[in-house]
1. Hey, what did the chain get for relative contact order, percent, Cα under 8 Å, at least 6 apart?
2. Put one equal scatterer on each alpha carbon of the stretch 57-131, apply the Debye formula with no solvent term, and list log10 I(q)/I(0) at q = 0.14, 0.23, 0.24 1/Å to two decimals.
3. Looking at the chain, I'd like the Rg to Rh ratio, where Rg is from alpha-carbon atoms and Rh is Kirkwood's inverse mean 1/r.
4. Kindly identify the stretch 29-70 as rounded, prolate or oblate by the Cα gyration tensor criterion: order the square roots of the eigenvalues as a ≥ b ≥ c, call it rounded if a/c is under 1.5, otherwise compare a/b with b/c, prolate if a/b is larger, else oblate.
5. Distance between Cα centroids, the stretch 89-128 to the stretch 46-80: provide it in whole Å.
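Just so you know, all these numbers are worked out from the coordinates, no wet-lab data involved. Just so it is clear, the model here is predicted, and its values are computed rather than measured.
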Amino acid sequence: MENSAEQLFEDSAIRRALRDALLESRSGTKQPIEQGGFIVRDASTLRPVVRRLSAGLADSFQIPLCPDGQFRGEQILGSFHTHPNTGPEWQEEPSRQDIRLVTEYPETIGPWHFVIGPVRTYCIGNDGTVKVLGVTDDVLQIDSEDQS
Ligand SMILES: [Zn+2]
């Protein structure tokens, strides 16, 4: 069963994990670093959970290919990375490479790939369609929940 993009964000544990990833991206600092990972179905609880990958670079993020649609034995429900770079020379929107990755490797990416910026959160579908999920503070419910 496939979760809709919005459904994945209804889970507070998912939102918390994505907030952590954004926080650890050090957006707006001199040393931003892209973070990301997979949203998988936990093999024992069957709930969606975030599995983080090692940090990327200041302006790129690597996702290991998972041609069987599984990451370490768990079904991939989606994937994400952050875009922490701000300033006039950067675009927060998904890059052309991001979109190409999603369309060319749907098994690895899962049905949705989220690009989380400090201002907006974007969703890329397997057909390459990019939509704005919303303002990141709203999507991840930053401020309205206990951050601890
Ligand atoms: Zn990107």
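1. Reported relative contact order: 21 percent.
2. -0.42, -1.03, -1.10
3. Across the chain, the Cα-based Rg/Rh ratio is 0.93.
4. Since a/c reaches 1.5 but b/c is at least a/b, the shape of the stretch 29-70 is classed as oblate.
5. 13
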